Amino acid sequence: MTAASRAYAPRAAGRSSTPGSRGRGRDLSRTGFALYVTGGTLAALVFLVPLAWAILRSFLPEHLVTQAPTGKDFSSLTTANYSGLIGTNDILRYAANSLVVAVATGLLTAVIATMAGYGFARFRFRGSDAVRFLVLVTRMAPRMALVVPYYLMMQKLGLLDTYTGLLVAYVSFALPLYVKR
């Protein structure tokens with residue numbers, strides 16, 4: 001091996017080129033990993049502790065939820081809040097509706113965006129650049145500016161308060177973000 005090729009040869013991970021620094025790269029990587037794990041743990045705690053606190057408070061009786069907690073309050077944990085929520089409201093139906101709409105929107109958007117992306121990438125046709133430009137322009141339109149026109153359109157089509165109307169709106173909002181060239 002010539003001197004020039006040694007200068008550009010890749011070095012093994014954790015090795016240093018100076019003779020007196022044997023093993024120092026490995027110590028730095030261990031220190032970096034320890035800092036990484038410590039920082040990640042602290043960041044996770046910042047987000048998880050308030051969530052755990054809210055979940056714990058949700059098991060308190062209704063009259064204690066809005067008061068400052070004391071140690072003895074946590075000895076009377078109950079599931080009455082959850083059973084009352086499920087028993088008196090239509091929360092399960094609302095959750096099922098949201099699940100159906102979310103899954104259908106995701107699947108429909110994925111299928112249509114895949115077909116549109118394939119068509120844009122594979123075929124050239126007259127006006128294809130204009131269509132790509134229109135897809136790009138719809139990404140830039142503020143969603144709040146489209147709410148009233150969408151409402152009026154759904155009203156004229158008779159799609160208010162239907163799954164179909166909701167799917168049309170959600171898919172058309174999401175589609176420009178997923179169509180790629």
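The values are calculated or read from the model by the stated rules, or taken from the named source; none is laboratory data. Quick caveat: nothing in here was measured; it's all calculated off a predicted structure. Cβ sites come from the backbone with ideal geometry, for glycine too, and all protein chains shown count toward neighbours.
Pairing each residue of region 146-170 that is farther than 23 Å from Tyr94 by Cα with any residue that is surrounded by 14 or more Cβ atoms within 10 Å (Cβ to Cβ), provided the two are 6+ apart or on different chains, yields C-beta distances under 8 Å for Leu146/Phe173; Leu157/Gly165.
Tell me which residues, restricted to region 158-181, are hydrophobic (A, V, I, L, M, F, W, C) and either loosely packed, with under 12 Cβ neighbours inside 10 Å or over 18 Å from Ala104 (Cβ atoms) (or both). Reasoning before the result, please.
Here is the first cut: in region 158-181, the ones hydrophobic (A, V, I, L, M, F, W, C) are 159-160, 166-169, 171, 173-175, 177, 179.
Residues satisfying the conditions are Leu160, Val179.
Going through (1) exposed (fewer than 10 other Cβ atoms within 10 Å of the Cβ); (2) of a type in the set (D, E, K, R); (3) assigned to a helix (DSSP H, G or I) one by one, Arg124 falls short only on (3).
Just one of Leu48, Leu99 is under 30 Å from Val135 (Cβ atoms) and either among the small types (Gly, Ala, Ser) or at pLDDT 95 or above (or both); which is it? Full working, then the answer.
Values: Leu48 fails: under 30 Å from Val135 (Cβ atoms).
Unique residue meeting the criteria: Leu99.
Is it the case that region 70-77 has a residue that's touching a residue at least 12 places away in the same chain (Cβ under 8 Å) and either within 30 Å of Asp161 (Cα to Cα) or assigned to a helix (DSSP H, G or I) (or both)? Yes, that holds for at least one residue.
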